[in-house]
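Structure record follows, encoded as structure tokens.
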Amino acid sequence: MSDTVPTAHTVHTVLGDVPVADLGVVAAHETLLSVVPGAQYAYDIPFDRAEIFAALAAKLRAFAAAGGGTIIDAAGMFHGRDLPLYEALSRATGVHIVASTGQGPEDELGGYFLTPQTNPPTPWPAERFAELYAREVTEGMVVPRIERRGPAGLVAVGVTRTGMTATDESQLRGAARAAAATGVALSIRYGADALHDLGVVRDAALPADRVVVGGLDRPDAVAAGAPAAVAVSGAFVGIDHIGHDGEVSDRDRARLVKDLVDAGHAGRVILSSSATGVALGHPDAGVDFTQVLRSFVPLLGDAGVPDDGIQRLLVDNPARLLAVREH
């Protein structure tokens, strides 16, 4: 496995494919517009598209002013993804936007994906998830009831926090097959056991270096030694709650990153803040797209991560992850 950035490769963005060298600093796991399903119809929740555009454009311009080049919207299919909006934002701000296909864990899936006409209900087979997600890469992402737009640049799925369900496993296997078939990478939000969930992906014949395991700065992951174990496997380590100071502070995260770098895993770490630009129907955590660049990078310097190491984390690693491979 090479840590060299494949400069001849391209990345799927909402405005078309761009060379990996054009991505710049990448915010690797964010959400532009997050809408709890149904909130767009609620009488007490404003849904003014002009206001949403203005708010997101201001945040993307701030990200660009801080040195950012690309945002990965990892929310997947049904929680606010708005492709015409993202296209307009990218044109207006100059920030590349990589949108994703995929869905959250079982409790965030609609009943359609549980095939409730069976008794007892059974999940979709992995093959159907694979087809659904692969078509969003090869034929374009769906704008409901209207058309398909640009190709998804990433498959992003989640696993139930208390442990993988049968539906989670079916979806995860399908997502891995879709990624392998289309050449894009897979982002997984692990459930109770990061290495178990990564093993399911590997069993579906997706190489480890095409996977980022997110949430590895959670306290349970850190306590179990999961970040280093995932890095040793060859997968990317998602340190992606930067700015969410709960049981793990950003100084703790900076020390964790330094430990991974010192252990020889600098080429396997991906940074982001899981920030939400506009949240409708749920609270906004108050974390900004500039969090990594303006607040966390200085902490990395204080922890002893050199400038070229920081460049690797912010630019080179996400470029290798996002580069579409031949399949």
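Answer with yes or no whether Gly80 is farther than 15 Å from Leu154 by Cβ and loosely packed, with under 14 Cβ neighbours inside 10 Å.
no
Would you please list the contacts, defined by Cβ atoms under 6 Å and residues six or more apart or on different chains, that run from a residue in the range 246-261 that is in contact (Cβ under 8 Å) with a residue 40 or more places away in the chain to a residue that is surrounded by fewer than 16 Cβ atoms within 10 Å (Cβ to Cβ)?
Going by the 6 Å Cβ cut-off, the qualifying pairs are Lys258/Gly304.
Name the residues in the range 224-256 that are part of a helix (DSSP H, G or I), surrounded by fewer than 20 Cβ atoms within 10 Å (Cβ to Cβ) and either modelled with pLDDT under 95 or basic (Lys, Arg) (or both), would you?
Hits for the range 224-256 are Arg251, Arg255.
With the condition kept exactly as written, say whether any residue in the range 305-317 is touching a Lys or Arg at 6+ places or on another chain (Cβ under 8 Å), buried (at least 19 other Cβ atoms within 10 Å of the Cβ), within 22 Å of Leu154 (Cα to Cα) and touching a residue at least 40 places away in the same chain (Cβ under 8 Å).
Within the range 305-317 (the criterion being touching a Lys or Arg at 6+ places or on another chain (Cβ under 8 Å), buried (at least 19 other Cβ atoms within 10 Å of the Cβ), within 22 Å of Leu154 (Cα to Cα) and touching a residue at least 40 places away in the same chain (Cβ under 8 Å)), the answer is yes, since at least one residue qualifies.
Filter the range 32-54 down to the residues that are closer than 17 Å to Glu87 by Cβ and either surrounded by 22 or more Cβ atoms within 10 Å (Cβ to Cβ) or not charged (D, E, K, R) (or both) and list them by number.
Leu32, Leu33, Ala50, Ile52, Phe53, Ala54
Yes or no, residue by residue, for (1) assigned to a strand (DSSP E or B); (2) surrounded by 21 or more Cβ atoms within 10 Å (Cβ to Cβ):
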| position | (1), (2) |
| --- | --- |
| Pro151 | no, yes |
| Gly163 | no, no |
| Gly174 | no, yes |
| Ser187 | yes, yes |
| Leu195 | no, no |
| Leu198 | no, yes |
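When you look at Ala99, is it at pLDDT 95 or above, of a type outside the set (Lys, Arg) and in a helix (DSSP H, G or I), yes or no?
For Ala99, the condition - at pLDDT 95 or above, of a type outside the set (Lys, Arg) and in a helix (DSSP H, G or I) - is not met.
May I ask you to list the residues in the range 273-283 that are surrounded by fewer than 22 Cβ atoms within 10 Å (Cβ to Cβ) and in contact with a Gly (Cβ under 9 Å, 6 or more places away or on another chain)?
Those that are surrounded by fewer than 22 Cβ atoms within 10 Å (Cβ to Cβ) and in contact with a Gly (Cβ under 9 Å, 6 or more places away or on another chain): Val278, Ala279, Leu280, Gly281.
Going through Val201, Val211, Val230, Val261 one at a time, which residue ends up being under 22 Å from Val305 (Cβ atoms) and under 19 Å from the mean Cα position of the chain (by Cα)?
Val230
How do the pairs read when you match residues in the range 290-303 that are among the polar types (S, T, N, Q) with residues anywhere that are assigned to a helix (DSSP H, G or I) and modelled with pLDDT of 95 or more, using Cβ under 6 Å and keeping only pairs 6 or more apart or on different chains?
Final answer for the pair search is Thr290/Ala62; Thr290/Phe63.
Only one of (1) within 28 Å of Asp209 (Cα to Cα); (2) assigned to a loop (DSSP other than H, G, I, E, B) is not met by Pro121, so which one is it?
(1)
Would you mind telling me which numbered condition in (1) part of a loop (DSSP other than H, G, I, E, B); (2) touching an Asp or Glu at 6+ places or on another chain (Cβ under 6 Å); (3) without any contact (Cβ under 8 Å) to a residue 60 or more places away in the chain Leu216 fails?
Going through (1) part of a loop (DSSP other than H, G, I, E, B); (2) touching an Asp or Glu at 6+ places or on another chain (Cβ under 6 Å); (3) without any contact (Cβ under 8 Å) to a residue 60 or more places away in the chain one by one, Leu216 breaks only (2).
Would you point out the residue of the range 56-77, among those that are crowded, with 20+ Cβ neighbours inside 10 Å, in contact (Cβ under 8 Å) with a residue 60 or more places away in the chain and not in a loop (DSSP other than H, G, I, E, B), that is nearest to the chain's Cα centre (by Cα)?
Across the range 56-77, the extreme among qualifying residues is Ile72.
Among the residues of the range 138-149, which ones are part of a strand (DSSP E or B) and in contact with a Pro (Cβ under 9 Å, 6 or more places away or on another chain)? Steps first, please.
Going residue by residue through the range 138-149, those that are part of a strand (DSSP E or B) are 142-143, 147-148.
Once the filter is applied, which keeps residues that are part of a strand (DSSP E or B) and in contact with a Pro (Cβ under 9 Å, 6 or more places away or on another chain), the range 138-149 yields only Val143.
Can you pull out the residues in the range 145-164 that are without any contact (Cβ under 8 Å) to a residue 12 or more places away in the chain and farther than 26 Å from Val18 by Cβ?
Arg145
For the range 105-113, state whether one or more residues are in contact with a Gly (Cβ under 7 Å, 6 or more places away or on another chain), outside any helix (DSSP H, G or I), surrounded by fewer than 21 Cβ atoms within 10 Å (Cβ to Cβ) and in contact (Cβ under 8 Å) with a residue 60 or more places away in the chain.
yes
Being out of contact with any strand residue (DSSP E or B) (no Cβ under 9 Å at 6 or more places or on another chain) and among the hydroxyl-bearing types (Ser, Thr, Tyr) is the requirement here; does Ser274 meet it?
Spelling it out, it is not the case that Ser274 is out of contact with any strand residue (DSSP E or B) (no Cβ under 9 Å at 6 or more places or on another chain) and among the hydroxyl-bearing types (Ser, Thr, Tyr).
Does any residue of the range 265-272 turn out to be among the polar types (S, T, N, Q), surrounded by fewer than 22 Cβ atoms within 10 Å (Cβ to Cβ) and not in a strand (DSSP E or B)?
Within the range 265-272, none of the residues are among the polar types (S, T, N, Q), surrounded by fewer than 22 Cβ atoms within 10 Å (Cβ to Cβ) and not in a strand (DSSP E or B).
The values are calculated or read from the model by the stated rules, or taken from the named source; none is laboratory data. As the structure is a prediction and not an experimental result, all values here were calculated from the model. Neighbour counts run over all protein chains shown; Cβ positions are idealised from the backbone, glycine included.
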